[in-house]
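Student: Structure provided below as structure tokens; questions to follow.
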Amino acid sequence: MQPLSSTYIPMLNSMQLSLLFNMLVQISFGIESASCSEQSTERRELLARGYQSQQFSAAQLKKWQIVGSGRLTIDHDQLVMSEVEDSKGFMLVSPEIYGRNVVVGYDVMVLRPATVLITNLAASNRPDGALTFPKDYDGNAKVMFETLNMYMMVAHNAAHNKPGPFIRRYPLPGNSALVTSQKNIMRTGQYYHVEAGKEGDQLWYKINGKAIVCVKDPDPHDKGKVILRIRGTGHEIASILLKNVIILRK
């Protein structure tokens, strides 16, 4: 067997490359992976720690700010949220601004395979945490990526050629994920409980009570709005059923 050259570089598969890239991003921005097992977010524990709870019915969610092209209907106390043809993204924006500590939970069923499910926390483009969009804004991601401070937590994203749920931070590092899971969990036609959380410098994303991705941001965004967003592909629209939406804040 020939000895390996000192310049030999092993071939990495796509999973290894993704993990390496995420690690380099975290090093560059001083971001640390958090231990998901340490983060207990049971509702009763959050309330005991001073969180306040808000529950939103389907009718109340329909009163949130609607941005982009889509339809909202109520069926059996569930909110049906769907894009329409030629949509660039469809979203609901919370009426209220939330501070540094906020946990968003909801039950969701993805109805169409191309659906990408997105929860944005601390979404803002004003110093006071407010959020405004250009007149006639069509919901496209470019405006969000280029003009907002926010955390973007994404699941059911195989249609966008992603390996699993991830968390991004905007404006920096932007389209480089802070942390990525290498396994897609959600399936079309099943209900899942989703939790997206932000407490101090800790961020996490849970599905059915299991922490999928967690990360620490040493310079966390302070406050902003919550956005519930769906997006399909260039050839397929997105659609979900949504219920039991709750926001806990402190």
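Student: Can you name every residue in region 88-113 that is open to solvent by less than 10 Å² (accessible area, probe 1.4 Å) and in contact with a Gly (Cβ under 8 Å, 6 or more places away or on another chain)? Give the derivation first.
Tutor: Within region 88-113, the subset open to solvent by less than 10 Å² (accessible area, probe 1.4 Å) is 89-94, 98, 102-106, 108, 110.
Across region 88-113, the qualifying residues are 89, 90, 91, 98, 102, 103, 104, 110.
Residue-by-condition table, conditions (1) within 23 Å of residue 93 (Cβ to Cβ); (2) touching a residue at least 40 places away in the same chain (Cβ under 8 Å):
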{"residue": "136", "(1), (2)": "yes, no"}
{"residue": "147", "(1), (2)": "yes, no"}
{"residue": "159", "(1), (2)": "no, yes"}
{"residue": "193", "(1), (2)": "yes, yes"}
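Student: Would you confirm, using the coordinates I've provided, whether residue 188 is among the polar types (S, T, N, Q), touching a residue at least 12 places away in the same chain (Cβ under 8 Å) and surrounded by fewer than 19 Cβ atoms within 10 Å (Cβ to Cβ)?
Tutor: On the way: among the polar types (S, T, N, Q): yes; touching a residue at least 12 places away in the same chain (Cβ under 8 Å): yes; surrounded by fewer than 19 Cβ atoms within 10 Å (Cβ to Cβ): yes.
Answer is yes for this residue.
Student: When you go through 42, 83 one by one, which is the residue that is among the acidic types (Asp, Glu), over 18 Å from residue 170 (Cα atoms) and touching a residue at least 40 places away in the same chain (Cβ under 8 Å)? Don't jump to the end; show me each part of the working.
Tutor: On the way: 42 fails: touching a residue at least 40 places away in the same chain (Cβ under 8 Å).
Only one candidate qualifies: 83.
Student: Oh, and also: What's the number of the condition residue 129 fails, among (1) farther than 22 Å from residue 199 by Cβ; (2) part of a loop (DSSP other than H, G, I, E, B)?
Tutor: Tallying (1) farther than 22 Å from residue 199 by Cβ; (2) part of a loop (DSSP other than H, G, I, E, B), residue 129 fails exactly one: (1).
Student: Can you tell me which residue in region 54-87 is farthest from residue 236 (Cα to Cα), limited to those that are hydroxyl-bearing (Ser, Thr, Tyr) and surrounded by 13 or more Cβ atoms within 10 Å (Cβ to Cβ)?
Tutor: Out of the qualifying residues, it is 57.
Student: Determine which single condition residue 158 fails, assuming it passes every other condition in (1) hydrophobic (A, V, I, L, M, F, W, C); (2) touching a Phe, Trp or Tyr at 6+ places or on another chain (Cβ under 7 Å); (3) open to solvent by 10 Å² or more (accessible area, probe 1.4 Å); (4) under 26 Å from residue 80 (Cβ atoms).
Tutor: Among (1) hydrophobic (A, V, I, L, M, F, W, C); (2) touching a Phe, Trp or Tyr at 6+ places or on another chain (Cβ under 7 Å); (3) open to solvent by 10 Å² or more (accessible area, probe 1.4 Å); (4) under 26 Å from residue 80 (Cβ atoms), residue 158 violates only (2).
The values are calculated or read from the model by the stated rules, or taken from the named source; none is laboratory data. None of these values were measured; they are calculated from a predicted model. Reconstructed Cβ throughout: ideal geometry from the backbone, glycine too, with neighbour counts over all protein chains shown. Note: accessible area is taken over every heavy atom of the protein model, side chains too, but ligands, DNA and RNA are not part of it. Shrake-Rupley method; radii C 1.70, N 1.55, O 1.52, S 1.80 Å.
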